[in-house]
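The values are calculated or read from the model by the stated rules, or taken from the named source; none is laboratory data. These figures come from a predicted structure and were not determined experimentally. Here Cβ is always computed from backbone atoms with ideal geometry, including for glycine, and neighbour counts include all displayed protein chains.
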Amino acid sequence: MYPRLSDIFRDLFGFEFPIPIYSFGAMMAVAVIVAAWLTSLELQRMHAIGRIGSVRIQAKDPRKKRTREQNASPAELIGTITTIAIVMGVIGAKVFHILENLDQFFADPLGMIFSTGGLTFYGGLIFAGVSIAWYVRKKGVPVGAVADAVAPGLILAYGIGRIGCHLAGDGDWGIESNLAAKPDWLPTWLWAETYPNNILNVHIPEPGVYPTPLYEFAMAVVLFAGLWALRKHPFLNGWLFFVYLTMAGVERFLIEQIRVNVVMNLFGMEVTQAEFISVLLIIAGLIGMALLWRRRPEPEVEPARGVRIGDKT
């Protein structure tokens, strides 16, 4: 494993970076860039066909050397949306991690708050989602349409982030692998991994554990392809996002069956926090899909102009 990408350059080319580049952070940066790019493309497409209207932005007038307001595609908001997602995502992820490990928090509050580890995806999703919804609503853009635009890139970004987990060896691995059950055609590294040099400095004995981050990456790519194919759906705004919630919930629930995770007792059942939240996501997703299973009026706005002439659910 390579917890620091800079170590790859050292091993291959003998070049030592003065500042270490951590694998997880680097892959998270890639994930954010990819998600922002895909969301921008989809917002631009929605604006071009009249599904969402224009927004007012401050633009520089080169002739008068000052800024002025003008209409633009909501894709122009992607920089602010991305910033909100990063800041509120980190805060939410940290809050959920603290709630999941209150004993560690009370033992060392400052150490846990300012540590670079301990980021829970679901916490980041909730905090970032609520904050972005408030922002785009303030800008007059239909929240459901933006949620639909975000969905494909969000699931792919999740998968890219898991590659960072795999490279770093940050503990998101599975239970001990059963080599006797491995199909002959499958390479061993996809079935059992010992994560040498992992960032936690944990020794994993042979034969190793299931490399679940790789499985999640593969599932994320498949789900992204499905969401991308469905992005031109005729249903009410927000329908695709609820499809995403359902798919993401099923994916995480399945992977939890072979992952090492903290188990809690809930209503007499032993479940992980991720399993519990996954079930909630699936339920919310199915309900949302059912409620929005109606064709939206077309066009909702005059194409590429921003004059609303229909429902903007």
What pairs come up if the first residue lies in region 238-257 and is under 9 Å from residue 281 (Cβ atoms) and in a helix (DSSP H, G or I), the second is acidic (Asp, Glu) and modelled with pLDDT under 95, and their beta carbons are under 7 Å apart, counting only those six or more places apart or on different chains?
253/275
Residue under question is residue 79, and the condition is that it be surrounded by fewer than 17 Cβ atoms within 10 Å (Cβ to Cβ) and among the small types (Gly, Ala, Ser); does it hold?
yes
Residues 212, 194, 246, 272: which one is farther than 26 Å from residue 96 by Cα and not aromatic (Phe, Trp, Tyr)?
194
Does residue 229 fit the bill of being within 19 Å of the chain's Cα centre (by Cα) and buried (at least 22 other Cβ atoms within 10 Å of the Cβ)?
no
Starting from region 34-47, keep only residues that are under 15 Å from residue 145 (Cα atoms), then list their pairs with residues that are not in a helix (DSSP H, G or I) whose Cβ atoms are within a distance under 6 Å, requiring at least 6 positions of separation or different chains.
44/73; 46/52; 47/73
Taking region 208-224 as the search range and keeping residues that are not in a helix (DSSP H, G or I) and not β-branched (Val, Ile, Thr), which one is nearest to residue 196 (Cα to Cα)?
208
Quick one: which of 250, 243, 221 is touching a helix residue (DSSP H, G or I) at 6+ places or on another chain (Cβ under 9 Å), β-branched (Val, Ile, Thr) and crowded, with 22+ Cβ neighbours inside 10 Å?
243
Would you say residue 172 is of a type in the set (D, E, K, R) and touching a Lys or Arg at 6+ places or on another chain (Cβ under 8 Å)?
yes
Can you find, within region 1-29, the residue that is nearest to the chain's Cα centre (by Cα) among those that are outside any helix (DSSP H, G or I) and within 21 Å of residue 204 (Cβ to Cβ)?
22
Kindly provide the set of residues from region 282-300 that are modelled with pLDDT under 95 and not in a loop (DSSP other than H, G, I, E, B), ordered by number.
295
Could we say that residue 191 is exposed (fewer than 12 other Cβ atoms within 10 Å of the Cβ) and out of contact with any Cys (no Cβ under 8 Å at 6 or more places or on another chain) here?
no
Being more than 26 Å from the chain's Cα centre (by Cα) and under 15 Å from residue 135 (Cα atoms): is that true of residue 81 here?
no
State all residues of region 1-38 that are touching a Leu at 6+ places or on another chain (Cβ under 8 Å) and not aliphatic (A, V, I, L, M); if no residue qualifies, say none.
2, 3, 22, 23, 24
How many residues of region 106-124 are at pLDDT below 70 and either at positive phi or more than 25 Å from the chain's Cα centre (by Cα) (or both)? The answer is 2
Of all residues in region 39-61 being charged (D, E, K, R) and at pLDDT 95 or above, the one that is surrounded by the most Cβ atoms within 10 Å (Cβ to Cβ)
42
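In region 205-217, what residues are in contact (Cβ under 8 Å) with a residue 24 or more places away in the chain and either among the basic types (Lys, Arg) or at negative phi (or both)? Don't jump to the end; show me each part of the working.
Restricting attention to region 205-217, the residues satisfying the condition of being in contact (Cβ under 8 Å) with a residue 24 or more places away in the chain are 207-217.
Residues satisfying the conditions are 207, 209, 210, 211, 212, 213, 214, 215, 216, 217.
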Restricted to region 225-237, and to residues that are among the hydrophobic types (A, V, I, L, M, F, W, C) and not in a helix (DSSP H, G or I), which residue is nearest to residue 133 (Cα to Cα)?
236
